[in-house]
Amino acid sequence: MLLLTDRCQDEGRIKRDLGLVRRCRVVTPHAPFRRGADHALIVSDLRLDNFVQVSLLRSALSQYRQSGQPFLCLLHEVTHRALQQANALGATAVLPIDASREQLVSTALRLLQEAGPSGAGMACDDTRELAARAGLVLVEMMDAVRDGHPLDKRLLLEGAEFVLEAIQSAGVRQWLDLVLQHDDNTYQHCLLVAGFAAAVSVSLGFHSKDRGRVTGAALLHDIGKALIPQAILNKPSRLSSEEMAVVRTHTQIGYDMLKGQDTLDDELRSAVRNHHEFLDGTGYPSGLRGDQIPDLIRLLTICDIGSALIERRPYKSPLSVPDAIAEMRRMNGKLDHDILDEFQKAVFVG
Ligand SMILES: [Fe+2]
Ligand SMILES: [Fe+2]
């Protein structure tokens, strides 16, 4: 996806929201043309109220847009004149610039689907939509807790259902391929962990309520990162020990955020607080060991580490799923090997 913009101020929001659908490249119309990967959808948030801007956009579209590609034009003012301009520029759809995240994501998904199935076919488009919907739930939960609002458990379970539906219909492999294209480290990570947890709960034949419980806990597990600075979470190089110490506070922060909320059960709060604990007592925040760590947490820890190992970061090479499992088998005494066996069966089947 390509975003044509000349606004630095709010570009982050639109890019982040579009990134829930597909990786988004940002280009300013003043910059010289550079061919990148083919773009399935072009979005512009340029103002259309003066001749220079309209000419710039027309020229950028003539360079970047290929035949039949959808173009979504975001309007600063929805006037008759602006609609005519958008129409003259060949817009496939228009939205007001302050459209909600839900509207923006839904419109982008619709335009992509109407343009025809992607290279991997219709199934891939359906999975992409489910991943975008689960991503929307994550963004909304993170925004809510960041603003001090209570977490909506129904929303969490809805997000878990999107992940489960994708895993059951398309399998783990396709889920990983799509989610690994996500730009934001935290959202990518939470969707991967949830995908793994969903795959294990399906593979073990859990009742649908339990599948939702386990997948929901995985989606929620890093909610405390909502209050960790983005500069640290998305740092393009290895974290210093001070930065690592800040990141490690996310378990307690997440727990504290959810502490007073009686709509949530203890199991969810425990998942948020304890998913970095190890059976040998070397984990954090409490150094729990052995029987103090229930099965759900043991499973989340395996899904969490497995995801971290396959994620691409500028400072480390991603492992394949089999290599990630082999690496986890070498973590002597820290992980539950019976659950790791189940994890292996579930993610290879997918
Ligand atoms: Fe974590
Ligand atoms: Fe995590």
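All of the numbers you see were taken from the coordinates with simple rules; none came from a lab. Since we're looking at a predicted model, the values are computed, not measured. Note that we place each Cβ from the backbone using ideal geometry, even for glycine, and neighbour counts take in every protein chain shown.
Here are the numbers for the structure shown:
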read-out	value
Acute angle (nearest 10 degrees) that the helix 295-310 long axis makes with the longest principal axis of the chain, alpha-carbon atoms	50 degrees
Crossing angle, helix 101-114 versus the chain [Cα axis fit, 0-90 degrees, rounded to tens]	70 degrees
Binned Cα-Cα distance frequencies in the range 167-242 - 10 Å width, integer %	18, 43, 27, 11, 1
Extension reserve of the Q252-H207 stretch, reckoned as 0.36 nm per residue once the Cα distance is removed	13.2 nm
Dipole magnitude of the range 122-349, debye to nearest 20 (Cβ charges: Lys/Arg +1, Asp/Glu -1, about Cα centre)	480 debye
Degrees, to the nearest 10: 122-146 long Cα axis against longest axis of the chain	80 degrees
Computed over the range 45-203, Cα set: Rg, Dmax in Å	18.5, 59
DSSP beta bridge pairing in the chain, given as percent antiparallel to the nearest 5	5 percent
Cut-off 10 Å between beta-carbons: net charge of the residues surrounding V200, Lys and Arg +1, Asp and Glu -1	+1
With eigenvalues of the C-alpha gyration tensor scaled by 5 and rooted, the range 2-114, Å	18, 17, 14
Computed helical MRE - 222 nm, the chain, DSSP H runs ≥ 4 contributing -39500 (n - 2.57), nearest 500	-17500 deg cm²/dmol
Charge dipole of the chain about the Cα centre (unit charges at C-beta), most positive-ward option of Q344, T92, V200	T92
Formal net charge of residues neighbouring L164 (Cβ-Cβ distance under 14 Å; K, R +1; D, E -1)	-1
Coordinate range along principal axes, alpha carbons of the range 122-349, Å, largest first	44, 40, 37
Hits among aspartates and glutamates - C-alpha to C-alpha of K209 under 18 Å, sequence gap 8 or more where chains match	D152, E158, E161, E165, D265, D266, E267, D295
Links that overshoot a 24 Å alpha carbon limit, given the list K225/K316; K235/K316; K235/K259; K225/K345; K153/K225	K235/K259; K225/K345
Pair Y284, S100: separation of 7 Å Cα→Cβ label points (nm)	3.8 nm
